[in-house]
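Let me begin by presenting the structure, written as structure tokens, before commenting on it.
Each reported figure results from applying straightforward, stated rules to the coordinates on display, with no laboratory input. Not measured: the values here are computed from a predicted model. Neighbour counts are summed over all protein chains in view; Cβ atoms, including those assigned to glycine, are modelled from backbone coordinates with ideal geometry.
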Amino acid sequence: MALIEINDVTFTYPQSSVPALEQLSLRVEKGQFVVLFGPSGCGKSTLLRILKNEISPHGQLSGEVLFNGRSAGAATDFSREIGFVFQDPENQVVADEVLHELVFGLENIGLSTNDMRNRVAEIVDFMGAEPLLHRKTHDLSGGQKQQLNLASVLLMQPGVLLLDEPTAQLDPVSAREFLDMLVRLNEEFGMTIIMAEHRLDEVMAVADRVVMMGNGRVLLEGAPSNVIRQM
Ligand code: ADP
Ligand code: ADP
């Protein structure tokens, strides 16, 4: 069974006459690193929002979205199982100190202090973030903030990680570091990742599967080298 199955989804925003997604179908297996690739406006963000179950009540949605075989909808909340990293590194940081930021989300889900410590230690170790723990969040670079956002999301132990052009606002070195971390997350921990990206070189660096979109549809999909050959 696929982790995520999207069947024939058409979605139109309110007050819009053109569908942002049109009869789109996609299966994502557990452990895949999928990049949604295509020009601005092709529907990448909309698709991620639908996976987050974020916009279905507001626009016109037809088709089916299944997560672990279960249908997404008002009765089923997958938000705990889905981690999301936005484009803007500033967007998600709320606390003044790195350690507080990491603990912030965990405090709301009722973990024991010991479980919190273990989870934080594991992520900090994975990221090599020990030296940053007591820094002020507003002193961090954009790349460090984005890594902190990623860490906060991972601490919630999501079943799938969604990212919307997470490196668009980072300098090239920070962007590469961030992407390398995603690759390690996928390869070492089997994390399922779906990332929207419009720059081809970023796609090539990470994807094991590219889904090329245009006008709300899937145009091509497959291994990066195959997709590029057919472009
Ligand atoms: P991408 O992420 O690939 O840039 P989007 O999913 O943001 O594409 O946009 C797909 C289409 O939906 C575009 O035509 C865009 O203008 C439109 N769109 C996106 N968000 C909204 C919205 N909130 N209301 C109306 N139209 C929207
Ligand atoms: P992205 O390319 O990452 O989707 P955009 O710059 O297209 O980002 O969109 C930024 C915001 O503007 C989003 O919240 C999106 O929903 C909204 N938006 C995009 N296109 C439209 C549109 N045609 N009408 C209304 N809102 C839109």
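Using every Cα-Cα pair within the chain, state what percent have a distance larger than 29 Å. Above the 29 Å cut-off, the chain has 28 percent of its Cα pairs. Highest average first, the peptides 135-142, 92-99, 192-199, 153-160 ordered by how many other beta carbon atoms sit within 10 Å of their residues are 192-199, 153-160, 92-99, 135-142. Binning all Cα-Cα separations of region 1-66 at 5 Å, short to long from zero, yields these whole-percent fractions: 4, 16, 28, 28, 16, 6, 2, 0. Among 83-90, 126-133, 106-113, the peptide with the highest mean count of other Cβ atoms within 10 Å heads the list, and the full ranking is 83-90, 126-133, 106-113.
Oblate is the label for region 120-192, because a/c, from the alpha-carbon gyration tensor with a ≥ b ≥ c as root eigenvalues, is 1.5 or above and a/b does not exceed b/c.
Sorted on the mean count of surrounding Cβ atoms within 10 Å across their residues, most packed first, peptides 215-224, 116-125, 31-40 read 31-40, 215-224, 116-125.
Counting only DSSP H runs of at least 4 residues, each contributing -39500 (n - 2.57), and dividing by the residue count of the chain, the helix-based mean residue ellipticity at 222 nm comes to -10500 deg cm²/dmol.
Of the Cα atoms belonging to region 1-122, the radius of gyration and Dmax stand at 17.3, 53 Å.
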